[in-house]
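First comes the structure, then the notes that go with it.
The values are calculated or read from the model by the stated rules, or taken from the named source; none is laboratory data. This is a predicted model, so every value here is computed, not measured. Neighbour counts are summed over all protein chains in view; Cβ atoms, including those assigned to glycine, are modelled from backbone coordinates with ideal geometry. To get the accessible areas, we keep the full protein, side chains included, count just its heavy atoms, and leave off ligands, DNA and RNA. Shrake-Rupley method; radii C 1.70, N 1.55, O 1.52, S 1.80 Å.
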Amino acid sequence: MEKLRKYISVQDEDQFYHQGAVELLVFNFLLILTILTIWLFKNHRFRFLHETGGAMVYGLVMGLIIRYATKPSGVESGTVYECEKLKFGPSTLLINITNQVYEYQYKREISHHNVNSHQGSAILQKMTFDPSIFFNILLPPIIFHAGYSLKKRHFFRNLGSILTYAFLGTAISCIVIGLIMYGFVKAMVHIGQLKGWEFHFTDCLFFGSLMSATDPVTVLAIFHELHVDTDLYTLLFGESVLNDAVAIVLTYSISIYSPKENPNAFDAAAFFQSVGNFLGIFAGSFAMGSSYAVVTALISFMHLTKFTKLCEFPMLETGLFFLLSWSAFLSAEAAGLTGIVAVLFCGVTQAHYTYNNLSPDSKMRTKQLFEFMNFLAENVIFCYMGLALFTFQNHIFNALFIFGAFVAVFIARACNIYPLSFLLNLGRKQKIPRNFQHMMMFSGLRGAIAFALAIRDTESQPKQMMFTTTLLVVFFTVWVFGGGTTPMLTWLQIRVGVDPDEDLKAEAAHQRASNLDKNTTKAESAWLFRIWYGFDHKY
């Protein structure tokens, strides 16, 4: 009997590794299909569906096959056993079955109405990613690449506007979505779809913060391919880069907001504590990422000069650059800060200082390495989004909540773009035209960051409902708005085929021809741009 038990245990372990290989094989095939589709789209100049939208389609099809073509691995694995003596869910559970002790680890809470025959399907369980994979492996290369590939001259020329959209705009979006969703939640409680204690106002704000993370990767890819007006591209790209960082820290700050008495009541002490946490975490993460970049730049400078000769070995130089950049993320997470914010500003600072100290071979290698990692990670996430619609086993579809989310997202985007653009135009010499504002409104897609924030916590039923709704909003915005980018550019008469460098030269020539006052030009340029480049010039 003992030998039989050990044989079954070894067999289960082998099956576990086989299922892991199947999981990786599925993603491998999905990425191969995505790459072939991208080649086909680029070859035929097909712009109505971006590569990320295609990856989601393939993920949906594969998820559908896995969901309905696989069977539960056994009756026992889907059975619920009552444990009346346990008053809470322990992180680790030791179970004695016929004098054989087994160790089980806590994974997640499962609502009663979601316990079904598919709960015992081992392949479906394997296809559900651990959220830490998104935040520790897939998201850092995407965010770092965004900072490392930043066009600094255009970015700092519009820095005031970008910061306004990213910080103030994200806060407005979060509050508007939270208020509208709270109204819909109250309606759901009134008609009996929810119980009053299940969904609080802080939950609505939490949903608002994660849905405020815009990810216009589809639109920006088309902008880049068509060489759309540089200022529009920079505003949208800069907003999306900083907005991701703000949304992540804002989501964390709201999640730790805990009024002492009524969860739906305003608690001033808890509010200011959350604001302090937001500012402290953001500033600390910024300092951590920038510090690592400066250290990397100094090391690279020593390698470039007489101190060492590491620049003669581009492979080692690139490896050191990569590991120090990754260390910024890991150090911030270990210190209780936000690694995503740290790695973003690490990328921006690396591009400004370290890149110039690298050998020519290492410059090319680092650019290609992070571009490739960004491409791979982004497509894995979008493939998994398609898979998750069928393989995630705790979906809660509520028509009223989903409808409310779509309404809230569109209203919040309008409350963000149009009033802030009006205020910014009061102080900008080069105004943000109406067609740019319409295009920015249209480009408020949701993507990888919103999805990763939603899947990070799916323990309770409200969070499961948020995750399902987030997934549907991402599908709709990527397919409909992403696919409609090219017709919208034509309809709004936004110029394309613009060379960014030629655009800057033409503007400089126009300023010289107009005999603009030097002091006026200096006053209108971004103050941080002047401080940073003044610091570089001196030191």
Spin-label pair Asp536/Tyr68, simplified geometry with 7 Å Cα→Cβ offset, distance in nm | 5.7 nm
Where only protein heavy atoms count, and the probe is 1.4 Å, what is the accessible area per residue for the range 131-508 in Å²?
-> 39 Å²
Where trypsin sites (Lys or Arg not before Pro) fall in DSSP loop in the range 153-198, at most 14 other Cβ within 10 Å | Lys195
Using a 1.4 Å probe on heavy atoms of the protein chains only, the accessible area for Leu93 in Å², nearest 10, reads 60 Å²
Using θ = phi - 60° and the Karplus relation 6.51 cos²θ - 1.76 cosθ + 1.60, list the HN-Hα couplings for the range 387-392 in order, rounded to whole Hz, with x at every Gly or Pro.
-> 4, 5, 4, 10, 8, 5
Amide H partners (placed H, <5 Å) of Gly447, local residues excluded | Asp215
The range 131-508, relative contact order [Cα under 8 Å, separation at least 6], % | 29 percent
Taking only C-alpha positions in the range 131-508, Rg and Dmax in angstrom work out to 21.3, 75
Sequence order, the range 332-346: Karplus ³J(HN,Hα) from phi using 6.51 cos²θ - 1.76 cosθ + 1.60, θ = phi - 60°, Hz rounded, Gly and Pro as x, gives 5, 5, 5, 7, x, 9, 10, x, 5, 5, 4, 6, 5, 6, 5
Write down, largest first, the equivalent ellipsoid semi-axes of the range 135-238 in whole Å, where each equals the square root of 5 times an eigenvalue of the alpha-carbon gyration tensor.
-> 35, 15, 13
Note down the magnitude of the dipole of the range 131-508 about its Cα centre, charges +1 on Lys and Arg C-beta and -1 on Asp and Glu C-beta and zero elsewhere, to the nearest 20 debye.
-> 500 debye
Phi-derived 3J(HN,Hα) across the range 151-161 with the Karplus relation (6.51, -1.76, 1.60, θ = phi - 60°), rounded Hz, x for Gly and Pro, is 8, 4, 5, 6, 5, 6, 5, 10, 4, x, 5
